[in-house]
Amino acid sequence: MFSTNRVYACKTLDYPPGCDGSDINEWVKEAKKYGIHQNYDLRKVWGSKCPSVLEISDQGSCNTCWAVAVTAVLTDRLCIFTDGETKERYSAADVMTCCDPCSSKDTTNICAKQGKHRQVWLRWINEGITSGGFYKDESGCLPYPIPPCNHNLTSDTSSLKSCSSGLFTYSNTCSNDCDGESPSVKKLLLKGKRCYLLRRDSLYRTVKGEDSIKMEIFKRGPVHAVINANLTLYVPGTIYNSRETDRPHSVRIVGWGEEQGTKGDIQKYWIVANLWGKEWGMDGFFNLTFNYIGHPEVIAGQFEESETC
């Protein structure tokens, strides 16, 4: 295990650890052979063993996508790493209240802070994260403290309060005690060994950049992506490709697909889990054009130090 004071940065990689261009090419050949290079959905592959892959978080009226998305990705990857044996969820609340470097210091209201998503990954590696599920879910140590809200601006049938009524106020401080029923005192879930950035601007428009993300998802589970998007504009059933905002938003990518466009062209997309509950989008998911992900970054991490691809 790493000591809590070890400095460990997410390394920028062209390919997943242990891989090079030839590994990617070999995987692509196999993927095409078995028909998964064009379409692959982790929900269909792992949903029965790892129910979290099917779940949609709701960040509520709180600017905590940086914490909710990363802990959701880690939850899925831990379950897949253990072949479905470990179904405990990593706690976003633990990150929100106990990771000082993970957010700005300009306000005491956690919901109004500016998050630093890379620091959440480093927290997972250096110090660890305790367990905790959704709002009022007491199966873990620290459940998510913010109630869900209605993110669907066009819906008047939701029983939830509209998110547009203002940011939730949450100012709890870090504690070693648990809010949930089990356990009564914090215990850490499995720590990570390393994290890495799979795609930056240098890989923005390269096929291998896309294939490296595909292979990572196929081998180890969902990845964390930070996109600049105004998802209030998303129309269910379409492929989102708008860049109407410069505001970053963290999401979880669970697969990819292709479909024929109206002009006969092939449109490629990522299958993405948003953090706005199941009333939004396609039961909480949406399709995002391939060309979108290159900026600013896609991050993943491993539970092992293996140098094999």
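Each reported figure results from applying straightforward, stated rules to the coordinates on display, with no laboratory input. Note that the structure is predicted; figures quoted are calculated from it, not measured. Cβ atoms come from the backbone with ideal geometry, glycine included; neighbour counts cover every protein chain shown.
I want the antiparallel fraction of DSSP beta bridges within the chain, as a percent rounded to 5. In the chain, approximately 90 percent of DSSP beta bridges are antiparallel ones. Exposure proxy ranking for M96, M215, based on other Cβ atoms within 10 angstrom of each Cβ and starting from the fewest, stands as M215, M96.
Working note: Karplus 6.51/-1.76/1.60 with θ = phi - 60° gives the stretch 135-145 the couplings 4, 6, 8, 9, 6, x, 6, 10, x, 5, x Hz, where Gly and Pro are set to x. Measuring how big the chain is from its alpha-carbon positions, Rg and Dmax come out at 18.7, 59 Å. For E297, nonlocal amide neighbours, meaning residues 5 or more places apart or on other chains whose placed amide H falls under 5 Å from its own, are V226. The amide H of Y170, built 1.01 Å from its N in the peptide plane, has I110, C111 as neighbours under 5 Å, considering only residues 5 or more places off or on other chains. Extents of the stretch 7-166, taken as max minus min of Cα coordinates on every principal axis and listed largest first, are 51, 44, 30 Å.
Taking θ as phi - 60° and the Karplus parameters 6.51, -1.76 and 1.60, the scalar couplings of the stretch 44-52 work out to 6, 7, 10, x, 6, 7, 10, x, 4 Hz in sequence order, x denoting glycine and proline.
Would you please name the GluC sites (Glu not before Pro) within the stretch 238-298 that are DSSP coil residues with at most 14 other C-beta atoms within 10 Å of their C-beta?
Filter output for the stretch 238-298: E244.
The H on the amide N of R194, modeled in the peptide plane, is under 5 Å from the matching H of Q302, each at least 5 residues off or on a different chain. Of the listed pairs K161/K278; K49/K87; K113/K193; K32/K268; K33/K263, which have alpha-carbon separations greater than 18 Å here? Violating the 18 Å Cα-Cα cut-off are K113/K193; K33/K263.
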